[in-house]
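A.B. asks: Just dropping this structure here.
The values are calculated or read from the model by the stated rules, or taken from the named source; none is laboratory data. Small disclaimer: the values here were computed from a predicted structure and weren't measured. All Cβ positions, even for glycine, are placed from backbone atoms using ideal geometry, and neighbour counts span all protein chains on display. Heads up: the accessible areas ignore ligands, DNA and RNA and are worked out on the full protein's heavy atoms, side chains in. Shrake-Rupley method; radii C 1.70, N 1.55, O 1.52, S 1.80 Å.
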Amino acid sequence: MADNREEEREDGEEPQGAVGGEDVIDDPIMERGAVILRGYVIERINAEEPSRHVSSEYLGGRPNEQQEPQIKEVVEQLIRIADEINRNTELHHLINQVQDDCARNIFMTVARKIFAEGINWGRVVALFHLAYRLILKAMNSNHLENIRTIISWFLQAIRELLYSWLVQQGGWEGVIRGISRWRTITIVASVALVAAIVYYRKTR
């Protein structure tokens with residue numbers, strides 16, 4: 001990444017996934033946000049590359065953190081929304097244009113564009129999907145030290161752009177209760193993410 005590099009590994013230590021140990025976050029919304037993102041990444045990889053095994057520990061998390069029933073339910077709901085977003089081939093192409101070594105300010109600029117016209121669960125999933133694609137690129141290019149950096153950018157976006165809204169929704173579990181029209185919302189999210197990536201490409 002262009003900034004926010006992780007601590008250097010000790011000489012001779014082999015990379016074993018996201019470095020730096022488990023998350024140390026006191027705020028429940030932020031902590032669960034990191035856990036849910038890792039769950040989202042794991043489920044998407046399981047769907048797209050079934051032969052590839054990725055664990056929470058590999059992504060910098062804790063063993064068994066995905067076993068909590070509410071975490072599972074939130075991840076499942078986000079994946080349902082993302083399935084609609086992922087069918088948008090133009091969107092998929094545009095996301096691939098964001099370089100895996102992009103700087104934090106570029107990630108945050110794209111995140112702000114996603115939510116420029118409001119917040120709903122579809123747009124939230126668009127942010128998850130963007131972070132997922134960058135994490136996957138880091139994995140495929142063997143830049144595993146970048147995984148935690150991308151997660152930290154994702155959490156910064158949550159803190160700066162979504163925190164108050166998530167509190168109003170009752171936390172992450174709000175996606176379970178309030179998404180009866182998720183298909184319509186995902187269409188809006190797709191448009192928002194396309195606009196954000198187009199903006200990124202014009203300002204590179």
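A.B. asks: Give me a count of the residues in region 126-170 that are among the small types (G, A, S) and open to solvent by 10 Å² or more (accessible area, probe 1.4 Å).
C.D. replies: 4
A.B. asks: Considering only residues that are out of contact with any Asp or Glu (no Cβ under 6 Å at 6 or more places or on another chain) and more than 15 Å from L144 (Cβ to Cβ), look in region 43-62 and name the one that is most open to solvent (accessible area, probe 1.4 Å). Steps first, please.
C.D. replies: Looking only at region 43-62, we keep the residues that are out of contact with any Asp or Glu (no Cβ under 6 Å at 6 or more places or on another chain), and these are 43-55, 57-61.
With the extra rule that they be more than 15 Å from L144 (Cβ to Cβ), the set shrinks to 43-44, 46-51.
Working: E43: 86, R44: 12, N46: 66, A47: 71, E48: 68, E49: 61, P50: 103, S51: 122 Å².
Once the filter is applied, the top-ranked residue is S51.
A.B. asks: If you don't mind, another one. Kindly check whether there is at least one residue in region 78-87 that is buried (at least 18 other Cβ atoms within 10 Å of the Cβ), in a loop (DSSP other than H, G, I, E, B) and either modelled with pLDDT under 85 or polar (S, T, N, Q) (or both).
C.D. replies: No; the residues of region 78-87 include none that is buried (at least 18 other Cβ atoms within 10 Å of the Cβ), in a loop (DSSP other than H, G, I, E, B) and either modelled with pLDDT under 85 or polar (S, T, N, Q) (or both).
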